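The values are calculated or read from the model by the stated rules, or taken from the named source; none is laboratory data. Source: prediction; values computed, not measured. Here Cβ is always computed from backbone atoms with ideal geometry, including for glycine, and neighbour counts include all displayed protein chains.
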Amino acid sequence: AKVKEVEFIKSSARARDCPVDDRPEFAILGRSNVGKSSLINSLVRRKEIALTSKKPGKTQLINHFLVNKSWYLVDLPGYGFAKAPEAAKMDWSSFTKGYFLNRSTLVGVLLLIDASVPPQKIDLDCANWLGRNKIPITFVFTKCDKMKVTKGKRPDENIRDFQEFIRENYKQHPAWIMTSSVSGVGRDELLLHMSQLRNY
Ligand code: GDP
């Protein structure tokens, strides 16, 4: 499950502009600021690769990265940025939904959950939307290294709360992986998990 090479392929504005290909792919998704770029950079061990998606105007694009010439890691726009009341609801543009509903090579979604904050309803809404559309999810907790908290709970407590929240509200039994882009914990486990799903 080693990453030997990674190549940025393209940014697509619509699902139908994505690479036409039969290689398997994994989409990475989460609230804005969840640590998505950091995780992508840590997975592929390239400091800058996920910066592409941070350039102004590129944040609302679907970014395809080809790993080992054999599978894609797909960076999707984050959700829940607005500080408006609507922040509590899914603000996906129709193209993000279009991507999920039309991408037959999609093996699964890595749904990133920030372990340094309490469970967020919007993450559950996202999980439920994907679940209803039969898209397999792996919950990937980010920032698990953040042990110093000034207020609120520690990551392990937030993770436990979120898992409880999911068990009560979500019908399936998804996989969980704890990660930190700072310490590198969970990186190998996540790569191995993806390789197992690809060969399934
Ligand atoms: P994105 O908006 O989801 O792409 O998030 P970024 O990768 O840009 O990260 C958002 C913020 O969280 C930045 O200030 C990062 O330094 C911080 N961050 C990301 N991953 C981690 C992590 O694993 N541990 C800690 N402590 N901070 C992180």
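The residue pairs whose first member lies in the range 20-32 and is within 13 Å of T96 (Cβ to Cβ) and within 16 Å of the ligand (Cβ to nearest atom), whose second member is among the acidic types (D, E) and part of a strand (DSSP E or B), and whose beta carbons are closer than 9 Å, counting only pairs six or more residues apart or on different chains, are A27/D75; I28/D75; L29/D75; G30/D114. What do you reckon, is F95 touching a Leu at 6+ places or on another chain (Cβ under 7 Å), more than 16 Å from the ligand (Cβ to nearest atom), modelled with pLDDT under 95 and not in a strand (DSSP E or B)? The answer is no for F95.
Within the range 121-152, the set of residues being in a helix (DSSP H, G or I) and either aromatic (F, W, Y) or away from the ligand (no atom under 16 Å from the Cβ) (or both) comprises K121, L124, D125, A127, N128, W129, L130, G131, R132. Of all residues in the range 175-200, those that are closer than 17 Å to S42 by Cα have Cβ atoms under 6 Å from Cβ atoms of residues that are part of a loop (DSSP other than H, G, I, E, B) and among the hydroxyl-bearing types (S, T, Y), 6 or more apart or on another chain, in G186/T179.
The set of residues from the range 28-70 being modelled with pLDDT of 75 or more, surrounded by 20 or more Cβ atoms within 10 Å (Cβ to Cβ) and not aliphatic (A, V, I, L, M) comprises G30, R31, G35, K36, S37, S42, N63, H64, F65. Output yes when any residue across the range 182-191 is of a type in the set (K, R) and either within 16 Å of the ligand (Cβ to nearest atom) or farther than 14 Å from D114 by Cα (or both), and no when none is. Yes, the range 182-191 has at least one match. Residue check: F81 meets all listed conditions (1) surrounded by 21 or more Cβ atoms within 10 Å (Cβ to Cβ); (2) modelled with pLDDT under 85 but one, namely (1). Taken together, the criteria exclude R23 from residues that are part of a loop (DSSP other than H, G, I, E, B) and modelled with pLDDT under 85. Checking every residue in the range 153-166 against the condition of being touching a Gly at 6+ places or on another chain (Cβ under 9 Å), within 16 Å of the ligand (Cβ to nearest atom) and touching a residue at least 60 places away in the same chain (Cβ under 8 Å) gives zero matches.
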